[in-house]
Amino acid sequence: MRREQTAFLLYIALVSSLMLSDMAVAAPSDEATYMALANKAATDPTILAKLKEEAESGIPAAQFWYGTLFDPTTLKSETTVQKSWVNAKYWYLKAANQGDADAQDTLGFMYHQNQGVPQDYTEAAKWYRKAAEQGVADAQNNLGVMYGHGQGVPQNYAKAEQWYTKAAKQGYAGAQYNLGIMYAHGQGVPQDYTEAAKWYRKAAEQGEADAQYNLGVAYDHGEGMPQNYSEAAKWYRKAAEQGEADAQFNLGVMYEQGQGVPQDYSMAIKWYTKAAEQGNANAQYNLGVAYDHGEGVPQNHSEAAKWYRKAAEQGVADAQNNLGVMYEQGQGVPQDYSMAIKWFSKAAEQGVADAQNNLGIMYAHGQGVPQDYTEAAKWYRKAAEQGEADAQFNLGIMYDHGQGVPQDYAEAVKWYRKAAEQGYADAQFYLGVMYGQGRGVPQDYSEAVKWFILAKANGKKGVDKILDVVENVTTSQQIAQAQELARQWWNAHHPASGQ
């Protein structure tokens with residue numbers, strides 16, 4: 001949800017900054033004059049008395065600006081007026097009841113945001129509407145917000161869009177951003193990414209950080225315009241420099257991947273850190289990975305564990321798994337199998353295949369939990385069915401030995417093959433053994449040698465001794481066939497190798 005912008009905040013800035021030292025005290029007649037008087041009245045008792053007199057005489061603008069002097073949110077470091085919500089509301093209400101649009105908008109904000117009055121969405125919507133119907137862009141935007149969220153009025157996206165449009169056409173950046181959201185999500189209007197990008201751009205060019213971020217996302221993903229990483233990085237940077245955490249994270253990703261900017265791990269770390277320190281969970285995870293692997297920063301397992309933990313506690317599943325690994329291996333934290341189980345379980349329950357495999361290993365070895373092959377096989381299966389090669393191999397072992405599942409050589413071969421086809425060397429070796437011994441498959445020495453050759457090529461140690469044994473019971477024709485099969489498999493899986 002974006003930060004809501006209101007005229008209430010805008011006039012605070014104006015009152016604080018307007019310095020009209022030669023403004024006459026007599027016969028004020030318009031909003032600008034009363035605003036200037038209020039600015040000087042804060043420290044000048046004579047002008048304060050004059051403004052009070054005008055307010056008491058029933059002039060709405062004077063009542064409104066006199067009320068701002070009591071408002072605790074107005075930014076005046078020196079003032080002779082005692083801040084009081086009661087007095088502020090008293091004068092705002094007098095002005096609002098006489099039709100002063102700024103006062104109506106301000107009352108709407110007070111009721112909306114629980115400032116000086118009990119939060120009351122119905123009252124907020126009532127006062128916003130009065131100001132909105134007089135053309136106050138801030139009130140039009142905020143009334144759109146009320147309709148969008150069903151606060152004080154029935155939720156109605158079409159009416160939200162109508163009020164956003166009125167404010168947006170007046171150049172109100174917050175409404176332009178909100179209108180972009182409506183088009184992006186198809187709320188109250190047909191979904192239209194091009195129209196969304198149009199309104200994001202209008203708001204972004206006025207410095208609206210949320211819109212700058214969303215425009216960056218649109219360029220990043222090619223939504224509503226051609227994909228353009230340089231433009232994405234440009235708008236992410238503008239939002240990031242205003243402290244927008246998601247933009248800081250995304251800009252970090254751009255630097256890490258070299259998309260739209262030169263690849264620069266140190267710059268990636270800079271932006272990840274800024275986002276992480278604001279609580280961005282994805283940035284915390286990426287920062288953990290950087291410290292874990294020493295990318296852009298010196299390797300530091302303690303820092304890695306610290307950032308993994310922050311992300312893990314916010315529910316980032318990969319961070320939970322990695323923190324579990326840190327506890328299982330005693331890297332950056334004391335080795336603690338029970339803590340490893342805790343974090344592996346959290347990640348596994350979110351469907352992270354690596355965590356499911358890790359949890360299976362813990363049950364198979366009785367680390368942090370009682371040894372339980374049935375539980376191990378259960379978790380291996382969950383990961384294996386997601387294509388996790390380690391788990392496919394481990395599940396094959398369970399079927400091969402009848403641990404946690406009935407012994408079934410055909411099932412063992414099935415899972416060995418799935419891992420082997422992904423280039424998993426141990427699975428290729430065991431698949432070769434199954435073919436050599438005719439377990440779960442018809443005995444086939446050519447297939448056995450093929451998989452042994454591939455296992456060796458993928459780094460499996462000790463294969464030469466097995467190959468020597470197999471070659472003693474195979475013909476040269478079978479060996480040649482196996483070598484050709486291995487070559488074909490390798491080229492199909494490594495097309496650039498040219499072997």
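The values are calculated or read from the model by the stated rules, or taken from the named source; none is laboratory data. Just so you know, these numbers come straight off a predicted model, no measurement behind them. Note: ideal-geometry Cβ built from the backbone for every residue, glycine included; neighbour counts use all protein chains shown. In case anyone asks, the SASA skips ligands and DNA or RNA and just uses the protein heavy atoms, side chains included. Shrake-Rupley method; radii C 1.70, N 1.55, O 1.52, S 1.80 Å.
A compact table of results
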read-out: Test result for Tyr193, out of contact with any Leu (no Cβ under 8 Å at 6 or more places or on another chain), within 20 Å of Tyr157 (Cα to Cα) and of a type in the set (Ser, Thr, Tyr); value: yes
read-out: Residue that is touching a Gly at 6+ places or on another chain (Cβ under 9 Å), farther than 20 Å from Asp138 by Cα and either open to solvent by less than 50 Å² (accessible area, probe 1.4 Å) or β-branched (Val, Ile, Thr) (or both), where the choices are Tyr200, Tyr236, Tyr193, Tyr229; value: Tyr236
read-out: Close pairs (7 angstrom Cβ cut-off, 6 or more residues apart or separate chains): more than 18 Å from Asp336 (Cα to Cα) in the stretch 287-315, outside any helix (DSSP H, G or I) anywhere; value: Ala290/Gly296; Ala290/Val297; Tyr291/Val297; Tyr291/Gln299; Tyr291/Asn300; His293/Gln299
read-out: Close pairs from the stretch 383-412: first in contact (Cβ under 8 Å) with a residue 12 or more places away in the chain, partner polar (S, T, N, Q) and outside any helix (DSSP H, G or I), Cβ under 7 Å, at least 6 apart; value: Ala389/Gln422; Tyr399/Gln407
read-out: Wholly enclosed helices (runs of 4 or more DSSP H) of the stretch 125-204 bearing at least 1 residues touching a helix residue (DSSP H, G or I) at 6+ places or on another chain (Cβ under 9 Å) and closer than 21 Å to Gln113 by Cα; value: 137-149, 157-168, 173-185
read-out: Residues (of a type in the set (Val, Ile, Thr) and over 20 Å from Gln63 (Cα atoms)) located in the stretch 90-139; value: Thr122
read-out: Residue in the stretch 154-170 that is closer than 30 Å to Ser84 by Cα and at pLDDT 95 or above present; value: no
read-out: Unique match (being under 23 Å from Ala245 (Cβ atoms) and either assigned to a loop (DSSP other than H, G, I, E, B) or open to solvent by 50 Å² or more (accessible area, probe 1.4 Å) (or both)) among Gly368, Gly351, Gly279; value: Gly279
read-out: Residues within the stretch 438-487 that are β-branched (Val, Ile, Thr) and exposed (fewer than 14 other Cβ atoms within 10 Å of the Cβ), tallied; value: 3
read-out: Test result for Glu54, more than 24 Å from Gln134 (Cα to Cα), acidic (Asp, Glu), at pLDDT below 95 and open to solvent by 10 Å² or more (accessible area, probe 1.4 Å); value: no
read-out: The stretch 294-348 - residue that is of a type in the set (D, E, K, R) and assigned to a loop (DSSP other than H, G, I, E, B) and, of those, most open to solvent (accessible area, probe 1.4 Å); value: Glu295
read-out: Single residue of Pro118, Pro72 found to be in contact (Cβ under 8 Å) with a residue 40 or more places away in the chain, in a loop (DSSP other than H, G, I, E, B) and either out of contact with any strand residue (DSSP E or B) (no Cβ under 8 Å at 6 or more places or on another chain) or surrounded by 16 or more Cβ atoms within 10 Å (Cβ to Cβ) (or both); value: Pro72
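Okay, residues lined up against (1) of a type in the set (A, V, I, L, M); (2) within 26 Å of the chain's Cα centre (by Cα):
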| site | (1), (2) |
| --- | --- |
| His301 | no, yes |
| Tyr337 | no, no |
| Trp343 | no, yes |
| Tyr380 | no, no |
| Ala383 | yes, yes |
| Gln392 | no, no |
| Leu395 | yes, no |
| Met398 | yes, no |
| Gln403 | no, no |
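One line per residue, one yes/no per condition, for (1) open to solvent by 30 Å² or more (accessible area, probe 1.4 Å); (2) touching a Cys at 6+ places or on another chain (Cβ under 7 Å); (3) assigned to a helix (DSSP H, G or I):
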{"site": "Thr374", "(1), (2), (3)": "yes, no, yes"}
{"site": "Arg381", "(1), (2), (3)": "yes, no, yes"}
{"site": "Gly396", "(1), (2), (3)": "no, no, yes"}
{"site": "Arg417", "(1), (2), (3)": "yes, no, yes"}
{"site": "Gln422", "(1), (2), (3)": "yes, no, no"}
{"site": "Gln428", "(1), (2), (3)": "no, no, yes"}
